[in-house]
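Colleague: My structure is below; once you've seen it, I'll send some questions.
The values are calculated or read from the model by the stated rules, or taken from the named source; none is laboratory data. Bear in mind the structure is a predicted one, so any value in this text is a computation, not a measurement. Neighbour counts run over all protein chains shown; Cβ positions are idealised from the backbone, glycine included. Surface accessibility is based on the protein's heavy atoms, side chains included, excluding ligands, DNA and RNA. Shrake-Rupley method; radii C 1.70, N 1.55, O 1.52, S 1.80 Å.
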Amino acid sequence: MAPFRSKQSAPVSLAPPLAHNSEGPVYNKADGSIDHGVTQNPYERGFSPYEFNGGTTVAISGEDWAIVAGDSRLSSGYEILSRKVCKLHPITDHCVLGSAGCKTDVDQLRSVLDINMKIYSHNHRKPMATPSVAQMLGNTLYYKRFFPYYAFNVLGGIDAQGKGAVYSYDAIGSFERTPYSATGSGQAYIIPLLDNVIGHKNRLDPQRTLEKEEVVEIIKDAFVTAGERDIYTGDSLDIMVITKDGIQKSTFALKAD
């Protein structure tokens, strides 16, 4: 009698996977068709209307002046889309908006503000005061709170008393008047420097009044520092100095790598 031997099935070899999804590799099905992840291997598809295009803005106020500055780099992920995109937008002759975030939302926000400014100018025959612009910007952001503008804003200007004013915002319109502010990808690198040099926090030496020319140099040093650590900040720095006589703009070169 022949010895008993168990029947062993031949090993099944799988072809190399055609693709990978969140559940693992995708192979040909038994009928020869490809599983696209609809039945056997479902996976999630997502879409976001927002994109963070980087950049940093800073605003500092003084006794009778305000300075708003921002870099000119426009990025998407690890790609530089442009090196010459200004993040500053004059609202009036004595008020400037600085915005970082999603470029398309920033452009749309600027358009809405410009339209409202024209309506106000036609109705009242005068430009809007800086505190009123600050409130209008807060209202505009709040109206879009359920689908917010992906824009992070600082507003700098001269108020009715001729004093420098800076307003800091979140994405849905909450704002406050503050001596200085920063937004964008380099905010975490610049705010500690401003706390020490401008705000004079946790220091024992006497605080002195800084002139606007000295503050401009501090802003340049701050952006050079941020550019060393933040890949989304660089190329050039646009600086707008606001006084009762108007707005003076200057440019300072930053590293381009």
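Colleague: Sorted by average packing, counted as other Cβ atoms within 10 angstrom per residue and highest first, what order do 242-248, 143-149, 95-101, 178-184 take?
Modeller: For the peptides 242-248, 143-149, 95-101, 178-184, the packing ranking is 95-101, 178-184, 242-248, 143-149.
Colleague: Okay, moving on. Under 20 Å Cα to Cα from Lys144, which lysines show up? Leave out anything in the same chain fewer than 8 places away.
Modeller: Lys103
Colleague: Once neighbouring chains are kept in place and the probe is 1.4 Å, which whole percent of the accessible area of the range 121-220 is contributed by carbon and sulfur?
Modeller: Exposed carbon and sulfur together represent 52 percent of the surface.
Colleague: Next question, about the same structure. Within the range 110-141, whose backbone N sits under 19 Å from a point 7 Å along Cα→Cβ of Ala171?
Modeller: Zone members listed by number: 110, 137-141.
Colleague: Using the scaling law 2.2 N^0.38 Å as the reference, what is the normalised Cα Rg of the range 56-189?
Modeller: Cα Rg divided by the expected 2.2 N^0.38 Å: 1.02.
Colleague: Further, regarding this structure: Modelling each spin label as a point 7 Å along the Cα-to-Cβ direction, I'd like the His124/Gln207 distance in nm, to one decimal.
Modeller: Result: 3.1 nm between the two label points.
Colleague: Starting from the Cα of Asp245, step 7 Å along the direction of its Cβ; do the same at Gln161; then give the gap between the two resulting points in nm.
Modeller: If labels sit at Asp245 and Gln161, their model points lie 2.4 nm apart.
Colleague: Provide the gained length on full extension for the span Ser82 to Phe252, in nm with one decimal, where the gain is 0.36 nm per separating residue minus the Cα-Cα distance.
Modeller: Gain on extension, Ser82 to Phe252, equals 59.5 nm.
Colleague: Can you tell me the equivalent ellipsoid semi-axes for the range 148-257? Use √(5λ) from the Cα gyration tensor, largest first, whole Å.
Modeller: Over the Cα atoms of the range 148-257, the ellipsoid semi-axes are 21, 19, 17 Å.
Colleague: Which order, highest average first, do 152-160, 213-221 follow once you tally other Cβ atoms within 10 Å for each residue and take the mean per peptide?
Modeller: 152-160, 213-221
Colleague: Distance from the Cα centre of the range 203-257 to that of the range 80-151, in angstrom?
Modeller: Cα centroid to Cα centroid, the span is 22 Å.
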